[in-house]
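Taking it in order: structure first as structure tokens, then the write-up.
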Amino acid sequence: MNIKTLNNFKKIIIYLAFYIILSALIVYFNLNRRYLIFNLGLSFIAYIFSNLALIKKYKFLTLFSLLACFVFFPNAIYMFTDFIHIKTAEFYQINSGKVIYNMDYINWIKLALDNLMILLSLVLSFETFVNILKSLHCYGYKFASFVLLLFFSLVNGFAVYIGRFLRFNSWDIFKIHKIMLGLINNLTINDYYLLGTFCLFQFLVIILFANLKSN
């Protein structure tokens, strides 16, 4: 096992350990956050397949892993929409113009876990994208990386819209014809703004983490 493979394996173990610990805390405190465990698990599927795609020894494995990675990749960025489940009433109320905070520690643990689970998913989104670049031999080439970033931002933006509002899942990829017809016939101006927001969010997340990594 060479140094790069070993470092990659260590990174997978660290991310997986975080996932297990955060998931265990959700279960232990009996928080209503099981959907975060499920959604982050889907993000991990894309990340694991992106690592398998780096194994060049078997071309079939590389191709299959890339295809599977593409299907599950949008789940990583989708998780930021899970912030909609946060209820401000759990943390504070305004009574006669005065803010009264709820200091129940369980609510604040819930908020911390929300943020950590979603942050880990965004990190996996970046790591998965980097692995895709490496598997396609585009890593380090700015123009090719930028074109692929635009492409995946567009695809993932559509996927987030389809998943959140039309309630399709990654395994509904075989219904792509039905999904596309529905989009073509039903999209409104507001929907286009939503799609643009999701695409831009994916784009900026990758740029942000790329900037952090470069330093």
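Quick notes
- Modelled spin labels at Leu204 and Ile100, positioned 7 Å past Cα toward Cβ, are 3.6 nm from each other.
- Scaled against the 2.2 N^0.38 Å expected of a compact globular protein of N residues, the Cα radius of gyration of the stretch 3-214 reads 1.12.
- Residue of Ala24, Ala53, Ala159 that the Gaussian network model of the chain assigns the largest fluctuation, springs spanning Cα pairs under 10 Å: Ala24
- Full-extension gain in nm, Ile173 to Val155, via 0.36 nm per residue minus C-alpha separation: 5.2 nm
- When trypsin sites (Lys or Arg not before Pro) are flagged only if DSSP places them in a loop and at most 13 other Cβ atoms lie within 10 Å, the longest unflagged stretch of the chain comes out as 88-166.
- Restricting attention to the stretch 3-214, the count of lysine pairs at 8 or more positions apart or across chains with alpha carbons under 17 Å apart stands at 13.
- Working from Cα pairs under 8 Å separated by at least six residues, relative contact order for the chain is 22 percent.
- Using R0 = 35 Å, the C-beta based FRET efficiency linking Leu136 and Leu166 works out to 0.75.
- Under a 5 Å amide H cut-off, with hydrogens placed 1.01 Å from N, Tyr92 pairs with Asn102 among residues at least 5 apart or on other chains.
- Cα-based helix-to-principal-axis angle, 189-214 vs the chain, degrees rounded to 10: 70 degrees
Only the coordinates and a few stated rules stand behind these numbers; no lab work does. Predicted, not measured: the structure shown is a model, and the values here were computed from it. Virtual Cβ from ideal backbone geometry, glycine too; neighbours counted across all protein chains shown.
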